[in-house]
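Peer 1: Pasting a structure below so you can have a look.
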Amino acid sequence: MGKRLFLLLLSSLFSSICNLNYLAATDSVNIMQPDFNAVEIIEIKPEIEDKANSSIQLTKAAPAPVMKPAPVYNTPANSISIAGRTIEIIDVPDTAVDAGNHVNKYGEKFLYGHNSNIVFGGLKNVGVGGVFVVNYNGNTTNYVVSKVVIYEKNTTTGKLQLNGTGNYMRQVANAKSEGVSYDLSIMTCYGTSYGNGDASHRYVIFANRI
């Protein structure tokens, strides 16, 4: 009896073990595959700094240079407005006539006057490119300085010279310099003053109409 019971128990145990092996061999696990069509794929692009472009800055164009406008003078009849002064012009028959407190006009192209505060004291500050106005015989004309020459005055002969030679007075009176003709010449004293209205040099500007 006991042996039979033992065999029954052993048979039952063996049957259970076989069933476990069967399950282990036959049971399948349903592994779900991912549905790539249902998944939204987002492409992430790394931000790349464009160093070349990032260093470029928009720069405003430099403004055009502002040109200094020509002075505007309300020049009365028969006068010249130059170097901040307006001086009366008087016709004279000779370049030896004293100019006094006005400007002398000899011929068609030559003006001269003293280097004084009320006449041509500021003429030495008018260089090439300077502008001025002459109103004469009802005509107002704008001029621009084209050339400046400083002549020596020979104290013995009264000649205008360069480097101690020549006589340039006739050329100056006709608004000429080195063979070039200009529309106007203006002369005043310059250099060492002798205290009698004369000086060691002459400051002459040659100008053309604008």
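Coordinate-derived values only; no laboratory data. Since the structure is predicted, the reported quantities are computational estimates derived from the model, not experimental observations. Cβ placement follows ideal geometry from the backbone for every residue including glycine, while neighbour counts extend to all protein chains displayed.
Peer 1: I'd like to verify a number: residues in the range 163-196 that are of a type outside the set (D, E, K, R), in contact with a Ser or Thr (Cβ under 9 Å, 6 or more places away or on another chain) and farther than 16 Å from Ile80 by Cα, how many?
Peer 2: Residues meeting the conditions: 17.
Peer 1: Let me ask something additional. Quick check on Thr165: is it within 23 Å of Ala77 (Cβ to Cβ) and of a type in the set (S, T, N, Q)? First the steps, then the outcome.
Peer 2: Numbers: within 23 Å of Ala77 (Cβ to Cβ): no; of a type in the set (S, T, N, Q): yes.
Against the criterion (within 23 Å of Ala77 (Cβ to Cβ) and of a type in the set (S, T, N, Q)), Thr165 does not qualify.
Peer 1: State whether one or more residues within the range 133-143 are within 31 Å of the chain's Cα centre (by Cα), in a strand (DSSP E or B) and under 16 Å from Tyr203 (Cα atoms). Quick ask: steps written out before the conclusion?
Peer 2: From the range 133-143, those within 31 Å of the chain's Cα centre (by Cα) are 133-134, 141-143; that's our starting set.
Of the ones still in play, those that are also in a strand (DSSP E or B) are 133-134, 141-143.
From what is left, the residues that are under 16 Å from Tyr203 (Cα atoms) are none.
Within the range 133-143 (the criterion being within 31 Å of the chain's Cα centre (by Cα), in a strand (DSSP E or B) and under 16 Å from Tyr203 (Cα atoms)), the answer is no, since none of the residues qualifies.
Peer 1: Hey, can you tell me all the residues within the range 101-141 that are out of contact with any strand residue (DSSP E or B) (no Cβ under 9 Å at 6 or more places or on another chain) and over 25 Å from Asp198 (Cα atoms)?
Peer 2: Selection gives Asn137, Gly138, Asn139.
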